[in-house]
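To keep things clear, I will list the structure first and then write my remarks on it.
Only the coordinates and a few stated rules stand behind these numbers; no lab work does. Note that the coordinates shown come from a computational prediction; the quantities given were computed from them, not determined experimentally. When we count neighbours, we look across all protein chains shown, and the Cβ atoms used for this are built from the backbone with ideal geometry, even at glycine.
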Amino acid sequence: MTRVALLDRLKELQQMPKFQNRDIRTISACMTIEALAKHVEVCEQAAGQPSREA
């Protein structure tokens, strides 16, 4: 999965009620693509969404 696709997924997650008062996107600027994929996966699990394969 591309970095842009992962960032789009993170943007969608940021709008969910669970993350509205937390910044889960800024850290992505200094993450490798592998770390970003894991971050998105963890955030999806925390939001109760099924993880999409990277």
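Among the residues of region 22-51, the one identified as basic (K, R), surrounded by 12 or more Cβ atoms within 10 Å (Cβ to Cβ) and outside any helix (DSSP H, G or I) is R25. The set of residues from region 1-37 being acidic (D, E) and under 17 Å from R52 (Cβ atoms) comprises D8, E12, E34.
Table: residues versus (1) among the polar types (S, T, N, Q); (2) touching a helix residue (DSSP H, G or I) at 6+ places or on another chain (Cβ under 6 Å).
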position: V4; (1), (2): no, no
position: L10; (1), (2): no, yes
position: L13; (1), (2): no, yes
position: N21; (1), (2): yes, no
position: T26; (1), (2): yes, no
position: M31; (1), (2): no, no
position: A35; (1), (2): no, no
position: H39; (1), (2): no, no
position: A47; (1), (2): no, yes
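Looking only at residues in region 6-21 that are in a helix (DSSP H, G or I) and more than 10 Å from the chain's Cα centre (by Cα), the one that is surrounded by the most Cβ atoms within 10 Å (Cβ to Cβ) is F19.
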